[in-house]
1. (1) closer than 20 Å to Glu82 by Cβ; (2) modelled with pLDDT under 95: which one isn't true of Arg31, the others all being true?
2. Looking only at residues that are touching a His at 6+ places or on another chain (Cβ under 8 Å) and hydrophobic (A, V, I, L, M, F, W, C) in the range 16-43, which one is nearest to Ser101 (Cα to Cα)?
3. Test of understanding: among Arg91, Arg73, Arg26, Arg85, which residue is within 17 Å of Ala10 (Cβ to Cβ), touching a strand residue (DSSP E or B) at 6+ places or on another chain (Cβ under 8 Å) and without any contact (Cβ under 8 Å) to a residue 40 or more places away in the chain?
4. (1) over 13 Å from Glu14 (Cα atoms); (2) at pLDDT 95 or above; (3) in contact with a helix residue (DSSP H, G or I) (Cβ under 8 Å, 6 or more places away or on another chain): which one isn't true of Ser101, the others all being true?
5. What number goes with the only condition from (1) touching a helix residue (DSSP H, G or I) at 6+ places or on another chain (Cβ under 6 Å); (2) at pLDDT below 95; (3) surrounded by 19 or more Cβ atoms within 10 Å (Cβ to Cβ) that Arg91 does not pass?
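The values are calculated or read from the model by the stated rules, or taken from the named source; none is laboratory data. Keep in mind that this is a model prediction, so the values were computed, not measured. Using ideal geometry, Cβ is built from the backbone for each residue, glycine included, and neighbour counts are taken over all protein chains shown.
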Amino acid sequence: MADEKKRSEAPPDECQRVIEETEGCRFLDVRTPSESAQGHLEDAVTIDVYAPDFRSRLEKLDCDRPYVAHCKRGLRGAKAMEILRQAGFARVYNISGGFDSWAAGGHPVQR
C-alpha cells in the first residue's frame, strides 16, 4: 500500500494484494466467535475485539509482522487497527467493508 502509516482502510482487492505480496502478512479477524464460525479467511488469527483479554492477547502477536484486520462490516476492524497501532504495530490495515465486502467481492472464504 502506498503510504502505509497514513492509510488505514483499503478495499478488499488491495488487501488481497497486500496479503499475497507482503511476506509474513496475516489476517486478524476481530469478530465474535459466532460470526467467525459462519465463515472466515484462511489462516486468520482470531481475537474478538470485545473480549476482556483482547489487549493482552495482542501482546502475544509479533508487532513486526503486518496484519490486515477485519470484522463484519469495518467498524470494529478500524477500532482494532487503532489499538494495534497504539500497541506498537506499524503495519496494520483494515478491510473497508469488512468480511461482508470481502466475501461479496468473490475473495476466498473458508466455511
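1. Condition not satisfied by Arg31: (2).
2. Leu41
3. Residue meeting the stated conditions: Arg85.
4. (1)
5. That leaves (1) as the condition not met.
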